[in-house]
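The values are calculated or read from the model by the stated rules, or taken from the named source; none is laboratory data. Just so it is clear, the structure is predicted and the values come from calculations on it, not from any experiment. Here the Cβ positions follow ideal geometry from the backbone for every residue, glycine too, while neighbour counts run over all protein chains shown. To get the accessible areas, we keep the full protein, side chains included, count just its heavy atoms, and leave off ligands, DNA and RNA. Shrake-Rupley method; radii C 1.70, N 1.55, O 1.52, S 1.80 Å.
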Amino acid sequence: MQIPFARPLLGAEERQAVLDAMDSGVLVHGPRLHAFEEAFAAFTGAPHCVAVSSCTAALHLAWFHLGIGPGDEVIVPAQTHAATAHAVELTGATPVFVDAEPHTGNIDVGRIEAAVTPRTRALSVVHFLGVPAEMDGVMEIARRNGLFVVEDCALSPGASIGETHTGLIGDVGCFSFYPAKHMTTAEGGALITRHEEVARAARRQRAFGMDRSFAERTMAGIYDVPELGFNYRMSELQAAIGVEQVRRLPDFLRRRAENHAALTEALAGMDGIRLFDPAPDGVRASHYCLSVVLDDALAERRPEILEQMKEQGVGTSVYYPAPVPHLTYYREKYGYGEDTFPVAARISRSSIALPVGPHLEPGEMRTVAAVLHDALARTGGAG
Ligand SMILES: *Cc1c(COP(=O)(O)O)cnc(C)c1O
């Protein structure tokens with residue numbers, strides 16, 4: 001028996017779409033990119049969508065457009081992927097980390113204001129594991145302090161607050177189409193925004209800062225470059241896969257929700273673990289995975305538990321292996337001690353991410369729970 005943590009679901013449609021894109025002879029700057037942007041905008045309800053080469057690229061473009069740099073500060077959650085902080089760091093600005101709150105792993109909104117200084121220009125959040133952060137509080141602080149807000153939505157396609165999709169509450173939302181995420185384009189990302197000028201800037205800056213797109217050029221090779229930019233483009237092959245994946249995304253999300261519910265039920269009453277809070281009423285989660293937090297006594301033995309689950313064929317993961325400020329680059333650069341960001345550190349140290357992806361059936365969730373139960377029992381105590 002094998003229950004992998006994640007597996008991209010690519011079928012005949014994706015294969016045909018890639019072949020068609022190859023045969024078209026147009027590998028970048030083509031109709032598939034446009035179709036993908038339209039489809040992802042329609043899925044999220046975004047007025048503007050700009051597809052790029054990764055979520056990291058989307059985050060970097062969001063900050064680059066703002067013109068932040070050395071001397072500026074940006075609030076970043078401690079409990080996230082290194083990319084959320086790297087995107088700030090790449091501009092020369094300083095990420096200022098805020099600890100997680102223990103019930104969801106999302107940024108602790110009550111601690112944000114204490115991290116704001118006269119140098120703070122912007123604020124970022126991640127919707128941890130697909131449960132939206134407490135955006136009312138975040139936006140209130142942003143308004144009061146005049147801060148631009150970027151949502152890292154790498155784990156939150158399909159997650160919304162009321163009628164608003166994540167990524168459209170703040171100023172910019174950034175998505176990832178890396179293979180382990182909710183849908184994939186192999187590598188890829190997208191930025192969505194309510195602001196037309198942000199989308200325009202991202203379109204120029206994803207392609208070297210050129211003043212007109214390929215389609216807008218009346219004469220091949222004739223353009224000017226009034227500003228700095230990158231090559232953060234998504235290819236037609238990736239966009240072709242993306243068009244098919246967005247079509248299947250509602251089904252993927254439905255299956256994730258079913259698996260998540262089945263696993264929650266199968267874990268009910270299990271000793272030695274706790275679960276994060278579900279999304280509150282009116283808030284929809286995207287069920288990236290189901291993370292359990294081990295009791296302190298078991299946390300030290302997590303490597304054995306993970307090993308035993310692996311031997312039994314159940315794939316797991318850890319989100320994230322350390323708070324970003326404890327990763328060597330940030331620790332050495334900014335000198336964060338081990339006792340900083342204790343809530344994020346405890347989640348990093350003690351949690352196990354269990355699979356709920358659409359490659360699995362609700363029936364397999366009982367197996368995941370049983371294998372965890374056995375591993376906990378054998379490791380000492382729980383069960
Ligand atoms: C995966 C992930 C990223 C990075 O996405 P890429 O598309 O690989 O750049 C960024 N932020 C979060 C929260 C992620 O989980």
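For the list (1) more than 27 Å from ALA57 (Cβ to Cβ); (2) open to solvent by 60 Å² or more (accessible area, probe 1.4 Å), I need the number of the one condition that ARG121 fails.
(1)
Return yes or no: is ALA58 under 18 Å from the mean Cα position of the chain (by Cα), assigned to a loop (DSSP other than H, G, I, E, B) and under 25 Å from PRO250 (Cα atoms)?
No.
Could you run through the range 62-81 and say how many residues are within 16 Å of the ligand (Cβ to nearest atom), over 19 Å from VAL131 (Cα atoms) and of a type in the set (Gly, Ala, Ser)?
Count: 1.
Does the range 88-123 hold any residues that are closer than 19 Å to SER176 by Cβ, within 17 Å of the chain's Cα centre (by Cα) and either free of Cβ contacts under 8 Å to residues at least 60 places away in the same chain or more than 15 Å from the ligand (Cβ to nearest atom) (or both), and which are they?
VAL88, ASN106, ILE107
For ALA215, indicate whether it is modelled with pLDDT of 95 or more and either touching a helix residue (DSSP H, G or I) at 6+ places or on another chain (Cβ under 7 Å) or aliphatic (A, V, I, L, M) (or both).
No: the conditions fail for ALA215.
Being buried (at least 20 other Cβ atoms within 10 Å of the Cβ) and in contact with a strand residue (DSSP E or B) (Cβ under 7 Å, 6 or more places away or on another chain) narrows it down to one residue among LEU290, LEU298, LEU306; which is it?
Only one candidate qualifies: LEU290.
When the range 342-383 is examined, which residues are found to be open to solvent by 30 Å² or more (accessible area, probe 1.4 Å) and assigned to a loop (DSSP other than H, G, I, E, B)?
GLU361, GLY381, GLY383
Here are some conditions: (1) over 20 Å from ALA122 (Cβ atoms); (2) away from the ligand (no atom under 12 Å from the Cβ); (3) touching a helix residue (DSSP H, G or I) at 6+ places or on another chain (Cβ under 9 Å). GLU163 meets all but one. Which one does it not meet?
In the conditions (1) over 20 Å from ALA122 (Cβ atoms); (2) away from the ligand (no atom under 12 Å from the Cβ); (3) touching a helix residue (DSSP H, G or I) at 6+ places or on another chain (Cβ under 9 Å), GLU163 misses (3) alone.
Going through the range 12-49 one residue at a time, which ones are within 18 Å of LEU249 (Cα to Cα), buried (at least 18 other Cβ atoms within 10 Å of the Cβ) and in contact with a strand residue (DSSP E or B) (Cβ under 7 Å, 6 or more places away or on another chain)?
LEU33, PHE36, GLU37, PHE40, ALA41, THR44, ALA46, CYS49
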